[in-house]
Amino acid sequence: MVKFKLAITFFGILILNTSFSQQKINPVIKSYGGIFDAQYATEKPDPNLEYKVIIDIATGSSKMDDPIYSIVNVARLMNLHAMGGVPKENMKIVLAIHGGAVWSVLNNEKYNEKYGVDNPHIPLFKELSEAGVKIVVCSQSMIGRKIDHTKLAPGLQTATSMLTTMTTYQLKGYAALKF
């Protein structure tokens, strides 16, 4: 009888857990930044606004075979706004990559040479770029780390610095985030 009650309790917990679980969705960036559909949210993004955001990405990772969480979080930002009804055309996102995160921007050959694995950021950079995200890399960080500007992942651009990029875009009305 005790085993039967234990089995019923376990089965009940399993059903409750399953009924409350939800699959993540990826409305814009299909391979990264999965989110939960917050269909009951009352505070949502305004689909009529143009979201202009400049994101300071400085922190690298110790796990070289996975994309940096900060960059994956940009995919989440895109997916969350899309779920809230904002068309991707209304998302004006610029990434300013510098500091320890600058190693993520290497092309596959240089990344593999440095870490012994393919650069896991390249497919993410591609999806972000295709969704309209502009990705710029701080020249100061690259020069300071002796990174050749011709060895960047495809589609990335160089900037004079993260500092000048951040100030320029903030003066253009972009909200600043730091991931």
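Structure data summary
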| read-out | value |
| --- | --- |
| Peptides ranked, highest mean first, by Cβ atoms within 10 Å: ranges 50-56, 62-68 | 50-56, 62-68 |
| Between helix 121-130 and the chain: long-axis angle, C-alpha atoms, 0 to 90°, nearest 10 | 90 |
| Spin-label model distance (nm) - Leu177 vs Tyr40, 7 Å beyond Cα toward Cβ | 2.5 |
| Over 24 Å (Cα to Cα) - which of Lys24/Lys172; Lys52/Lys146; Lys63/Lys114 fall in this group | Lys24/Lys172; Lys52/Lys146 |
| Where the chain is the region considered: accessible area per residue in Å², 1.4 Å probe | 59 |
| More than 27 angstrom apart: percent of Cα pairs within the chain | 37 |
| Nearest 10 degrees, 0 to 90: helix 69-83 Cα axis against the chain principal axis | 70 |
| For Lys52, distant residues with modelled amide H under 5 Å away | Lys92, Ala175 |
| Carbon/sulfur fraction of accessible area - the chain, other protein chains in place, 1.4 Å, % | 58 |
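The values are calculated or read from the model by the stated rules, or taken from the named source; none is laboratory data. This is a predicted model, so every value here is computed, not measured. Note that we place each Cβ from the backbone using ideal geometry, even for glycine, and neighbour counts take in every protein chain shown. These accessible areas exclude ligands, DNA and RNA; they are computed on the full protein's heavy atoms, side chains included. Shrake-Rupley method; radii C 1.70, N 1.55, O 1.52, S 1.80 Å.
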